[in-house]
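**Q** Quick one: structure below, then a few questions.
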């Protein structure tokens, strides 16, 4: 016990406190920053819970990428010029100029919701504390590691034992991209000239960081075979590099022709699909690896997946970032009248 | 040991639509309908093939990646899965043909239309995956795919109302997924496995954690199935979408989460089910049936009417639960159980055909007249007789008039309520039917109105394909009433229900 | 009472879950709703990993870790889509919430 438990207790209190702040703070900007802080503290918690894979992923995806998307959206929802009105209307019911009856009703519903939230908290605490112990899948996984082709359990689970989930997860990325394209009404990231390079610090940072990020991505990918790392962490780092380039004015993805852009998005998903269908045609189960080649094939699949993940995540940012700058589009479209 | 061809066949309902989706994403838009329909028909054929496999060889399992549960993910094809696979295919193909024609016709085309086929095929793959997968976390990922695809389809038109309704739908879907996932986590913590079958066998049913897990998963899935009072997102989302999308959402997407509720109730948590919970679900269902139908009656716009009708019809689905759960201390035979089970599933099937037919028919009326108001149907029986007939057939099934699938479902349901002694469901069923008849006959009366009452306005041209597909689905809703034996014998193959037929104890769970 | 560290995290996860659930309904702005949903997911992941950290053979259960990584990617994809949709709604109608009067 001793210092370890004290640290964990403090971290838990900190997490809970941060969560409370995120949800109750008035300004959107503050909520976003607290959320990023929460994400980074979660990464600490993952380390404390002996899960460095998850810590890597959380720091990169949960705090990093999501933080970038949120801050970019702040540009739209809480523009600096109207900071005073960037009120998120946080958890307490607001005193907006509505009728007295409506205000009372919303106070009742707020009270009800908070009350049920509290009751639910008690319920879930009970559920957690009284959980019957008993075996996770550690033993099963450990026993199967020899046949998995890799030396790291989490990679084995993701890329071999439960590869169907991983394949579908790459599908979620693809589908979200399609959905974003529908939302924006476009087929590909807008191929117009991005902002010029005006910030010398950003310029220097980009030149220094992007090669390092590419190296780090390659290292994480290779490392996943025997230590924490793998396709997702690698893909996010690579995607971060592309986003950094874009922020600095270098439009990597927008210069791709349509077929290349679509191909890059699809590559990871198609690779898994081809592997799975190939396995079926050769008499194995869907997505089953031949024992002696599992290791190499896993690395190959991970490389292709990491590439697609990088392109997709970078594209999330680029499509969102470029969306509100269309000066040509009128603010009130005829369709808005429906 | 499952044969190679069985493994291939069991993956086709998932893999074929996905390949189609990928192709439709990259090829030029004018080819997408053709390729999409090609893959739709092949997926339907694959589903029939799988059903044939079921009938000849019984339960089939496919261990993905070559790893058996609990470490790997298992696909399980039994009668229940087969029935829903075929339903999705038989509704999906006509709706696809409708969509091809509809989007060509409707001008100006919104920018999202080229994405219809990739998104719909992705959605179809996720639905088939949900029917086949036997792993809780895998089901979560599939539910997320379903939600993303469904919302993207709902906002295809780009209209402000659709966008707002779509975001509300998305938030509801996400909250539902989160509640479901929390339950999954608690279940995994309690039993150390994610496999449905293994969980059913090894979950410590009396544990408070397990009950809470069950409640959380149910809450999440109930939001997705839009059971009253968690239906707040549905009417807007389904009514502001384009006609073929509304049909897909109401007829198929809500059935997937209902399917999961059935699985959990009967296969996984059958040890924690309580009589009170079953009655509560039934009560909510009964209220939904009345409330939804009443709201539908009050609407002045066609699509909103049909969307509220969905809320009502979904209520009927939940009457299955009190009728398949025996009261504590029950002794002796309970012959109504199987027919109650079949009745609930039949209701899902009949509603799938009828609601899609109704949404398509209403979509044709709106396209022809250019307005969503009730008055659009004035004198339609003379001008668009096929469509009016399709609407009438769909309405017949929804009301539960013979001969239709809806009649078979409600008849079996009523019989079960009386033989089980739970007579209190009967008035709700009947009342709901009366209200449904109210709005169906209201529309039909308007459509038969003489021509002086209707403004003599030229209709927009309506391609025959649209009318034929709507009619086909309407006929399907009727025909399914005639083929009850086949469906029932299919359902019995490796039925998860058969094993759980036992009385619940006082505290819940079975002896 | 002997408290395991993973129990501490598990109970914290439950707290954050309930706070976030209330937050999704009570926060009016789309932006904060999206953040609340992400917090919801984060709390579930925390619970999952703390379950995986129950002392089994000295090293943690890899399956919950894999589930969390998958869940993280799904969450960020859903958030990106939700943000895009919310921004589009803001662009076309100026709304920032469902019950707006603006």
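**Q** Restricting to region C:27-37, what's the tally of residues that are in contact with a helix residue (DSSP H, G or I) (Cβ under 6 Å, 6 or more places away or on another chain) and within 7 Å of chain A (Cβ to nearest Cβ)?
**A** So the answer is 5.
**Q** Do we have residue B:219 as under 20 Å from residue A:117 (Cα atoms) and either touching a strand residue (DSSP E or B) at 6+ places or on another chain (Cβ under 6 Å) or in contact (Cβ under 8 Å) with a residue 40 or more places away in the chain (or both) here?
**A** yes
Results for (1) modelled with pLDDT under 95; (2) closer than 28 Å to residue B:474 by Cα; (3) outside any helix (DSSP H, G or I), shown as yes or no for each residue.
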{"residue": "B:32", "(1), (2), (3)": "yes, yes, no"}
{"residue": "B:88", "(1), (2), (3)": "no, yes, no"}
{"residue": "B:93", "(1), (2), (3)": "no, yes, no"}
{"residue": "B:111", "(1), (2), (3)": "yes, no, yes"}
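**Q** Only one residue in B:361, B:368 is within 26 Å of residue B:390 (Cα to Cα), modelled with pLDDT of 90 or more and outside any loop (DSSP other than H, G, I, E, B). Which one?
**A** On the way: B:368 fails: modelled with pLDDT of 90 or more.
So the residue among B:361, B:368 that is within 26 Å of residue B:390 (Cα to Cα), modelled with pLDDT of 90 or more and outside any loop (DSSP other than H, G, I, E, B) is B:361.
**Q** Would you mind finding the one in B:430, B:408, B:440 that is under 24 Å from residue B:352 (Cβ atoms), surrounded by fewer than 18 Cβ atoms within 10 Å (Cβ to Cβ) and within 23 Å of the chain's Cα centre (by Cα)?
**A** Selected residue: B:430, the only one of B:430, B:408, B:440 that is under 24 Å from residue B:352 (Cβ atoms), surrounded by fewer than 18 Cβ atoms within 10 Å (Cβ to Cβ) and within 23 Å of the chain's Cα centre (by Cα).
Rundown of residues vs (1) closer than 30 Å to residue B:17 by Cβ; (2) free of Cβ contacts under 8 Å to residues at least 60 places away in the same chain, yes/no style:
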{"position": "A:108", "(1), (2)": "no, yes"}
{"position": "A:116", "(1), (2)": "no, yes"}
{"position": "A:120", "(1), (2)": "no, yes"}
{"position": "A:123", "(1), (2)": "no, yes"}
{"position": "A:131", "(1), (2)": "no, yes"}
{"position": "A:136", "(1), (2)": "no, yes"}
{"position": "A:162", "(1), (2)": "yes, yes"}
{"position": "A:166", "(1), (2)": "yes, no"}
{"position": "A:187", "(1), (2)": "yes, no"}
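**Q** Within the bounds of region B:48-60, is there any residue that is outside any helix (DSSP H, G or I) and either within 20 Å of the chain's Cα centre (by Cα) or crowded, with 20+ Cβ neighbours inside 10 Å (or both)?
**A** yes
**Q** I need the full set of residues from region B:194-204 which are closer than 22 Å to residue C:14 by Cβ and either buried (at least 20 other Cβ atoms within 10 Å of the Cβ) or at pLDDT 90 or above (or both), in order please.
**A** Hits for region B:194-204 are B:194, B:199, B:203.
**Q** Let me ask something additional. In this structure, is residue A:218 farther than 26 Å from residue B:20 by Cα, outside any helix (DSSP H, G or I) and more than 18 Å from the chain's Cα centre (by Cα)?
**A** Values: farther than 26 Å from residue B:20 by Cα: yes; outside any helix (DSSP H, G or I): no; more than 18 Å from the chain's Cα centre (by Cα): yes.
Here the answer is no, as residue A:218 does not meet what is asked.
**Q** Somewhere in region A:269-288, is a residue touching a helix residue (DSSP H, G or I) at 6+ places or on another chain (Cβ under 9 Å), away from chain B (no Cβ under 14 Å) and part of a helix (DSSP H, G or I)?
**A** There is no residue in region A:269-288 that is touching a helix residue (DSSP H, G or I) at 6+ places or on another chain (Cβ under 9 Å), away from chain B (no Cβ under 14 Å) and part of a helix (DSSP H, G or I).
**Q** Hey, does region B:309-319 have a residue that's surrounded by fewer than 24 Cβ atoms within 10 Å (Cβ to Cβ) and in contact (Cβ under 8 Å) with a residue 24 or more places away in the chain?
**A** no
**Q** Select from region A:1-12 the residues that are surrounded by fewer than 19 Cβ atoms within 10 Å (Cβ to Cβ) and either part of a helix (DSSP H, G or I) or in contact (Cβ under 8 Å) with a residue 60 or more places away in the chain (or both) and list them in ascending order.
**A** Going through region A:1-12, the residues surrounded by fewer than 19 Cβ atoms within 10 Å (Cβ to Cβ) turn out to be A:1-7, A:9-10.
Answer for region A:1-12, where residues must be surrounded by fewer than 19 Cβ atoms within 10 Å (Cβ to Cβ) and either part of a helix (DSSP H, G or I) or in contact (Cβ under 8 Å) with a residue 60 or more places away in the chain (or both): A:3, A:4, A:5, A:6, A:7, A:9, A:10.
**Q** Filtering region C:65-88 down to residues that are more than 7 Å from chain A (Cβ to nearest Cβ) and either under 11 Å from the mean Cα position of the chain (by Cα) or more than 18 Å from residue B:173 (Cβ to Cβ) (or both), which residue is surrounded by the most Cβ atoms within 10 Å (Cβ to Cβ)?
**A** C:67
**Q** Another question, then. Taking the condition under 16 Å from residue C:52 (Cα atoms) and more than 9 Å from chain A (Cβ to nearest Cβ), does residue B:165 pass?
**A** So residue B:165 fails the test.
**Q** What residue, among those in region A:13-37 that are facing chain C (nearest Cβ under 10 Å) and free of Cβ contacts under 8 Å to residues at least 24 places away in the same chain, is surrounded by the most Cβ atoms within 10 Å (Cβ to Cβ)?
**A** A:22
**Q** Oh, and also: Return a yes/no flag: does region A:189-210 have any residue that is in contact with a helix residue (DSSP H, G or I) (Cβ under 9 Å, 6 or more places away or on another chain), at pLDDT 90 or above and outside any loop (DSSP other than H, G, I, E, B).
**A** Yes, region A:189-210 has at least one match.
**Q** Something else now. Just checking, does region A:92-101 include any residue being more than 25 Å from residue C:85 (Cα to Cα), at pLDDT below 90, more than 8 Å from chain C (Cβ to nearest Cβ) and in a helix (DSSP H, G or I)?
**A** Looking for residues that are more than 25 Å from residue C:85 (Cα to Cα), at pLDDT below 90, more than 8 Å from chain C (Cβ to nearest Cβ) and in a helix (DSSP H, G or I), one finds at least one in region A:92-101, hence yes.
**Q** Then there's this: Give the residue, chosen from B:288, B:283, that is at negative phi, surrounded by fewer than 21 Cβ atoms within 10 Å (Cβ to Cβ) and either in contact (Cβ under 8 Å) with a residue 60 or more places away in the chain or not in a loop (DSSP other than H, G, I, E, B) (or both).
**A** B:283
**Q** Just one of (1) loosely packed, with under 14 Cβ neighbours inside 10 Å; (2) part of a helix (DSSP H, G or I); (3) modelled with pLDDT under 80 trips up residue A:127, so point out which.
**A** For residue A:127, the failing item is (1).
**Q** Additional query: Go through the residues of region B:310-319 one by one and say whether even a single one is closer than 23 Å to residue B:91 by Cα and outside any helix (DSSP H, G or I). Give the steps one after another, and end with the answer.
**A** Looking only at region B:310-319, we keep the residues that are closer than 23 Å to residue B:91 by Cα, and these are B:310-318.
When the remaining residues are screened for being outside any helix (DSSP H, G or I), the result is B:318.
Checking region B:310-319: at least one residue is closer than 23 Å to residue B:91 by Cα and outside any helix (DSSP H, G or I).
**Q** Right, something else. Considering every residue within region A:137-145, establish whether at least one is within 30 Å of residue C:19 (Cα to Cα), facing another protein chain (nearest Cβ under 8 Å) and in a helix (DSSP H, G or I).
**A** Taking every residue of region A:137-145 in turn, none turns out to be within 30 Å of residue C:19 (Cα to Cα), facing another protein chain (nearest Cβ under 8 Å) and in a helix (DSSP H, G or I).
**Q** Here is a further query. With respect to the numbered conditions (1) more than 16 Å from residue B:231 (Cβ to Cβ); (2) surrounded by fewer than 24 Cβ atoms within 10 Å (Cβ to Cβ); (3) touching a helix residue (DSSP H, G or I) at 6+ places or on another chain (Cβ under 8 Å), which one is the sole condition not fulfilled by residue B:334?
**A** (3)
**Q** Tell me, please, whether a residue that is crowded, with 24+ Cβ neighbours inside 10 Å, under 25 Å from residue B:491 (Cβ atoms) and at the interface with chain A (Cβ under 10 Å from one of its Cβ atoms) can be found in region B:72-88.
**A** There is at least one residue in region B:72-88 that is crowded, with 24+ Cβ neighbours inside 10 Å, under 25 Å from residue B:491 (Cβ atoms) and at the interface with chain A (Cβ under 10 Å from one of its Cβ atoms).
The values are calculated or read from the model by the stated rules, or taken from the named source; none is laboratory data. No experiment lies behind these values; they were computed from the predicted model shown. All Cβ positions, glycine included, derive from the backbone under ideal geometry; neighbour counts span all protein chains shown.
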